[in-house]
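> Handing you this structure, nothing more for now.
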Amino acid sequence: MKKLPIILVTLATVALAFWAGLQFSSGKKDDTLVLHGNVDIRQISLAFDGNGRIATLKVDEGESVHQGDVLAVLDTRTLELQAEQAQAKIEVQQQNLKLLRSGSRPQEIAQARSRTAAAQADATRAAQDLARLQGIADTTKGRGVSTQDLDRAKSSVQVARATVAERQEAQRLTEIGPRQEELAGAEAQLKASQAQLALLQHQVDQGQLMAPADAVVRSRLLEPGDMATPQRPVLALALTQPKWVRVYVNEPDLGRVKPGMSANVFTDAAPDRAIAGTVGYISSVAEFTPKAVQTEELRTSLVYEVRVLVKDPDNSLRLGQPATVQLAAGAAQ
């Protein structure tokens, strides 16, 4: 009986300690914030820059492509023929320009000088014939030579002298070579033809549709034989990076979310495997809870959009896939 008070006191102490532990456990808050949302991925609609008929499509839906891969090709045979024609024209103009820059050949200059000398000889002979006829007329007092013969001889002298002047000018131009204006004009024509060739080659290059980044083909919107234009996309791609989960945070929990916080993302397909992520964007504007993630009671609640960037090396996340995000307070990176 003496031990009974001691036992009662001990039981009371244990009960008090147990009650205090329960109160402490119930008062302790869980710092983990659980949010629900959907996976979001950027998408690209690829179209050719020019018009033409599609010759080849090299990818199907679901295939992974890498940056720089050729996905589709247009029929550019007409452009290639035009480029060959422009190239031939450029070669002709290059030879003409080279000829102008080289100037007259020595043989051409020698030929011009010979023509000038021949004209001068003809002029000398004509002058001698006129002098002879004039002497006869003076000796015979006009009876030995007719007036028509004298006039004809005078005309021959004038023609011969004009021919000499013409040949001398031609010789001078041959020795000088082409004018600077002729060279500038030939160079301008060559540049215009080169620009035309570059444009045709660029249009030929645009006949290849290449992947701008690593992505997955979502759909083929056109097929070989279809006419492609810049307004008609050929393929729709989903980028593999970046990926993020779009979630919404209630205003009371907004202070618990910071940029750079670590996050774990879970999906229904792999509920036991966490995908690492970080908070990358927090909206500064409140909005009504999106219908896809709200309950009946919260349809009029204001929330803030948060994007959790994820690292998905296995490419297991899909566009629109539901996901659960767990954020731990104080887990900023």
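> Which one is surrounded by the fewest Cβ atoms within 10 Å (Cβ to Cβ), of the residues in the stretch 219-252 that are under 23 Å from D75 (Cα atoms) and of a type in the set (A, V, I, L, M, F, W, C)? Steps first, please.
Going residue by residue through the stretch 219-252, those that are under 23 Å from D75 (Cα atoms) are 219-237.
The next check asks that each one be of a type in the set (A, V, I, L, M, F, W, C); those that pass are 221-222, 227-228, 234-237.
Details: L221: 15, L222: 18, M227: 11, A228: 23, V234: 21, L235: 23, A236: 17, L237: 24.
Filtering first and then ranking leaves M227.
> Of the residues A213, A186, which single one is surrounded by 13 or more Cβ atoms within 10 Å (Cβ to Cβ), closer than 24 Å to E91 by Cβ, small (G, A, S) and in contact (Cβ under 8 Å) with a residue 40 or more places away in the chain? Let's see the steps before the verdict.
On the way: A213 fails: closer than 24 Å to E91 by Cβ.
Result: A186 is the single residue among A213, A186 that is surrounded by 13 or more Cβ atoms within 10 Å (Cβ to Cβ), closer than 24 Å to E91 by Cβ, small (G, A, S) and in contact (Cβ under 8 Å) with a residue 40 or more places away in the chain.
> Does I44 satisfy being part of a helix (DSSP H, G or I) and more than 30 Å from S193 (Cβ to Cβ)?
Working: part of a helix (DSSP H, G or I): no; more than 30 Å from S193 (Cβ to Cβ): yes.
It is false that I44 is part of a helix (DSSP H, G or I) and more than 30 Å from S193 (Cβ to Cβ).
> Which of the residues belonging to the stretch 53-71 are surrounded by 12 or more Cβ atoms within 10 Å (Cβ to Cβ) and outside any strand (DSSP E or B)?
Our first condition is that a residue be surrounded by 12 or more Cβ atoms within 10 Å (Cβ to Cβ); within the stretch 53-71, this holds for 53-59, 63-65, 69-71.
The answer is K58, V59, E63, D69.
> Failed condition for Q111, given (1) in the same structural domain as R161 (by TED's automatic domain parsing); (2) within 43 Å of the chain's Cα centre (by Cα), with all others met?
Among (1) in the same structural domain as R161 (by TED's automatic domain parsing); (2) within 43 Å of the chain's Cα centre (by Cα), Q111 violates only (2).
> Considering only residues that are part of a helix (DSSP H, G or I), of a type in the set (S, T, N, Q) and within 14 Å of Q206 (Cα to Cα), which ones fall in the stretch 72-92? Outline the logic, then answer.
Restricting attention to the stretch 72-92, the residues satisfying the condition of being part of a helix (DSSP H, G or I) are 77-92.
Restricting the remaining residues to those that are of a type in the set (S, T, N, Q) gives 78, 82, 85, 87.
Result: T78, single match.
The values are calculated or read from the model by the stated rules, or taken from the named source; none is laboratory data. Model, not experiment: these values are computed from the prediction. With ideal geometry, Cβ positions are generated from the backbone for all residues, glycine too; neighbour counts draw on all protein chains shown.
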